[in-house]
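What follows is one structure encoded as structure tokens, with my remarks underneath.
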Amino acid sequence: MKQATACNRSPSTGADRPLWARTCRGLGLSAKSGVDLDHWFRELDDDYQRLAAGLVDNPYARIE
């Protein structure tokens with residue numbers, strides 16, 4: 001059985017929405033588990049690839 005975390009439970013409807021659901025929504029996070037992690041993984045990988053590609057042309061970058 002998958003353990004529920006703060007942001008991977010399905011949100012309730014109405015004014016009695018749980019605090020975790022309001023927090024996720026307020027932070028712009030999905031209530032579905034893994035959705036945001038996949039997005040952040042792709043974004044971090046893209047940034048890393050751009051950084052690595054630019055190191056060759058950067059005279060101030062030194063890897064020892």
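Read-outs throughout are calculated quantities, based only on the coordinates presented, and are distinct from any laboratory measurement. Since the structure is predicted, the reported quantities are computational estimates derived from the model, not experimental observations. Glycine gets a Cβ as well: all are built from the backbone with ideal geometry, and neighbour counts include every protein chain shown.
Quick rundown of the values:
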item	result
Peptides 21-30, 45-54 ordered by average Cβ neighbours within 10 Å, highest first	21-30, 45-54
Formal net charge of residues neighbouring Ala53 (Cβ-Cβ distance under 15 Å; K, R +1; D, E -1)	-3
Per-residue HN-Hα couplings for region 34-43 [Karplus 6.51, -1.76, 1.60; θ = phi - 60°; Hz; x = Gly/Pro]	x, 4, 5, 5, 4, 4, 5, 4, 4, 5
